[in-house]
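Novice: Take a look at this one; I'll ask things after.
The values are calculated or read from the model by the stated rules, or taken from the named source; none is laboratory data. On a predicted model such as this, the values are computed, not experimentally measured, just so you know. Note that each Cβ is placed from the backbone with ideal geometry, even for glycine, and that neighbours are counted across all protein chains shown. These area figures cover heavy atoms from the full protein model, side chains too; ligands, DNA and RNA do not enter into them. Shrake-Rupley method; radii C 1.70, N 1.55, O 1.52, S 1.80 Å.
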Amino acid sequence: MGEDAILVRRCLKGDEAAVRALIERFQSDVFGLCVRLLQHRQDAEDMTQEVFLRIFRSLKRWDPTRPLKPWIMGITVNRCRTLIVQRVKRPELADYLHETPANQPADDSAELVREIQAAIK
């Protein structure tokens with residue numbers, strides 16, 4: 001049994017040291033790929049955490065006859081692609097800021113006071 005398979009087996013048994021070892025072994029590769037694909041450091045940090053959550057939820061489905069790193073990197077690419085598609089479907093608020101007027105709306109509180117006074121009369 002290969003080193004990766006032993007590590008995965010230990011993770012599946014709840015061995016915290018093995019979980020830390022798996023994260024430490026692949027964290028820089030996952031984060032680096034996230035930065036390259038997402039081109040935003042904060043998104044890459046968030047995505048790295050999400051990728052590891054996905055990895056640990058899916059670990060029992062990993063085929064121990066195959067290398068672990070390509071499987072992990074495949075999950076990373078898929079999660080990043082999903083975020084990129086979501087960005088396209090739902091543009092960030094900043095995309096709309098240039099369309100809003102730069103000046104503040106007029107203070108119409110005096111007019112509101114007049115309307116309230118007229119309604120009371």
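Novice: What trypsin sites (Lys or Arg not before Pro) in segment 1-70 are in a loop by DSSP, with at most 15 other Cβ atoms within 10 Å of the Cβ? All intermediate terms of the calculation are to be shown ahead of the outcome.
Specialist: Values: sites: Arg9, Arg10, Lys13, Arg20, Arg25, Arg36, Arg41, Arg54, Arg57, Lys60, Arg61; in loops: Lys13.
Answer in residue order: Lys13.
Novice: Filter the GluC sites (Glu not before Pro) in segment 1-98 to those in DSSP coil with at most 16 other Cβ atoms within 10 Å of their Cβ, and list the result.
Specialist: Those satisfying the criteria are Glu92.
Novice: Further question on the same structure: Of Val85, Val30, Val35, which has the most accessible area with a 1.4 Å probe, and how do the rest follow in descending order? Don't skip to the answer; put the middle values down first.
Specialist: Numbers: Val85 75, Val30 0, Val35 50 Å².
Sorted by accessible area, descending: Val85, Val35, Val30.
Novice: How far apart, in nm, are two points set 7 Å out from the Cα along the Cα-to-Cβ line at Ile23 and at Ala5?
Specialist: Those two pseudo-labels are separated by 2.7 nm.
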